[in-house]
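No lab work stands behind these numbers, since they all come straight from the coordinates. Computed from a predicted structure; not experimentally measured. All Cβ positions, glycine included, derive from the backbone under ideal geometry; neighbour counts span all protein chains shown.
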Amino acid sequence: MNAHRTNGARMRSGHARREPSRRTALRTALASAGTLALAGCDRLSRNDAFVDVLKSAEQLSHAAHRAVAGRKAMAQEFTPADVAAHFKGNGTLVPGDADYQALMRGGFKDWKLEVAGLVEQPASFSLAELRAMPSRTQITRHDCVEGWSTIGKWKGVQLGHVLGLVKPLPNAKYVVFRCADSMDGLSTPTNDTRYYESVDLDDAYHVQTVLAYELNDQPLPVTNGAPLRVRIERQLGYKHAKYVMKLELVESFASIRDGHGGYWEDNGYEWYAGI
Amino acid sequence: MDMPVAASASPTAVSRRIYRHRLPVRVMHWINVVCLTILLMSGLTIFNAHPALYWGQSSTFDKPWVAITAVQGPNGPVGVTRIAGHQFATDGVLGRSRVGDAAAPTVRAFPSWATIPGPQWLSMGRHWHFFFAWLFVINGIAYVSYAIFSGHLTRDLLPTREEWRNIGRSIKDHLLFKHPTGAAAKRYNVLQNLTYLVVIFGLLPLVVIAGMAMSPRLDAVFPGWIEVLGGRQSARTLHFLAASGLLLFVAVHLFEVLISGAWNQIRSMITGYFVVPADKREVRS
């Protein structure tokens, strides 16, 4: 189909040359360029300014995802037939912290969820009180940042319901989940290494955001976060904080720990884990 | 067969320089080279975080269809690759390999020379991957738009009826590593056309869509849409297979470049000018 109309006009005459030396040089150049490029990538990975450029994609992804899957878009829910026989535990499997161990030995009877920060009525709730609240049951897929997925059935109280009881102040922008498990050696009064996470109010008030106390019709096992873990169904597993002890409403998480909004975020992972 | 013509008398016996690749195609080609290289290598870093593949929505941990792992041998761990129930010894490359100049090998799926960054570092691999994924998608959309609106698609990429008819001969020429000369060398041949079309409208969209299907937020656009791909773990598998297909394409593409006048080919993708080899059939006869 009239293939060369434009090409023909630009045709110039010339002679083909065979250049084996150039070819060898090219091959050597490509090989050494490859080695250099690899070393270069590793060096760039340690350059803060460059990594900030790479990380700019997180804002772009978050904005684009909000545009195509709105604030209220629902995660897929499954049928009981899809539920995995065993729900893989990951990260902390049994917190070694003494306070948690004591609560665990007592069957979490003395455990209380504290809700504090930018709220009108700070409060704390026992497990029995949370269980007495309206509940939501959902069968959802848990996607780990590592790449695997497991489907489980969760029952709990919607985070939005609990927030309604404590009444967040107008300047509250994030919910921070404070957890029981120390991550890098046991915490000391001067060195807090406990897990924590945070979400914005879009996710906090999402219908499927649940403070779960049951997994697959059983009390939440310790390996999966007993007595309470949060489900943030449209984000990766590390957002679903386990062993939740306290909810804290804040305007900014910049002054908490390393300031990135979560334990894994402080270790280089994205705060927006919808991808 | 062509009539015997004296080489000097034939206009096609003289090689000619033609303007083959226009500037937008050249620029987008090299952006694509950078993106694909980084996406492939940072993708292997992400794969290494859980080096197993499954079909369906969720992971059947005890029976992945592909796993790159290490098994306990008499002298410590040995790297192996399992595919559909068959186990292959891949120690030194897959399953266990040396990281940089380290004395002892590390248990890791893909070796450090194939990953960005080299040492296993999932969060950093993700930063590289998602930044260049955006660049790759924007560049891809720009390319397809350009191809359609500039006429590049119909002029250069779609095979003509004539080329369809001679596809058998083109396959034979390829198998004999015979490259077109003269007028035929000015245009992509039919196998080249079909390969580019499969890559541009098959593998590249698949790798992007399967990648997006792994995002829990994008799954919520229409809950359940990823069932089209068989579920999230199938999407991860398809993402990997499409990337493997692209790697295969790149390998064949580079091979063809090397055996058909490497310098001429590479130069044409830099300056745009390609030297059409003299028509050997006429010269020879």
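Annotations for the structure displayed:
- The stretch A:176-246-the stretch B:174-188 distance, computed between alpha-carbon centres (Å): 62 Å
- Rounded Å value of the spacing that divides the Cα centres of the stretch B:110-159 and the stretch A:21-79: 10 Å
- Cα→Cβ-extended label distance, 7 Å offset, between B:I266 and A:A63, nm: 3.9 nm
- Using only alpha carbons, the stretch A:27-185 has a radius of gyration to Kirkwood radius ratio (Rg to Rh) of 1.08.
- Paired Rg and Dmax values of the stretch B:197-285, which use every Cα atom, in angstrom: 20.1, 66
- Modelled label positions at B:F149 and B:F61, each set 7 Å beyond Cα in the direction of Cβ, lie 5.1 nm from each other.
- Relative contact order for chain A, counting Cα pairs under 8 Å that sit 6 or more residues apart, in percent: 19 percent
- Between B:K178 and B:S244, the simple label model (points 7 Å from Cα in the Cβ direction) yields a spacing of 3.4 nm.
- Size descriptor, Kirkwood hydrodynamic radius, that averages inverse alpha-carbon separations across the stretch A:21-63, Å: 12.5 Å
- Dmax and Rg, reported as Rg then Dmax, of the stretch A:106-183 (C-alpha, Å): 15.0, 40
- Contact order for the stretch B:52-109, expressed relative to its length and based on alpha carbon pairs under 8 Å spaced 6+ residues apart, stands at 24 percent.
- As computed over the stretch B:155-206, the Cα convex hull volume per residue (Å³): 86 Å³
- Mean residue ellipticity at 222 nm, helices only, chain B: -15000 deg cm²/dmol; runs of at least 4 DSSP H residues each add -39,500 (n - 2.57), and the sum is divided by the number of residues.
- Expected-Rg normalisation [2.2 N^0.38 Å, Cα atoms] applied to chain A: 1.38
- As a length-normalised measure over Cα pairs under 8 Å and 6 or more apart, the relative contact order of the stretch A:164-275 settles at 30 percent.
- Under 20 Å from B:K172, Cα to Cα: lysines that are on another chain or at least 8 residues apart: B:K186, B:K280
- When the Cα convex hull of the stretch A:190-275 is projected onto planes of every orientation, the mean area is 6.3 nm².
- Largest first, the three principal axis extents of the alpha carbons in the stretch A:141-200 are 37, 36, 18 Å in whole numbers.
- From the C-alpha gyration tensor of chain B, square roots of 5λ in Å: 42, 23, 18
- Listed residue pairs exceeding 28 Å between alpha carbons, taken from A:K153/A:K246; A:K55/A:K246; A:K109/A:K239; A:K109/A:K173; A:K88/A:K173; A:K55/B:K63: A:K55/A:K246; A:K109/A:K173; A:K88/A:K173; A:K55/B:K63
- Compared with the dominant Cα axis of chain B, that is its longest principal axis, helix B:204-213 is turned about 20°.
- Fraction in percent of alpha-carbon pairs per bin - 10 Å, the stretch B:52-109: 25, 45, 23, 6, 0
- The mean of 1/r over all distinct Cα pairs in the protein assembly as shown, once inverted, gives the Kirkwood hydrodynamic radius of 27.1 Å.
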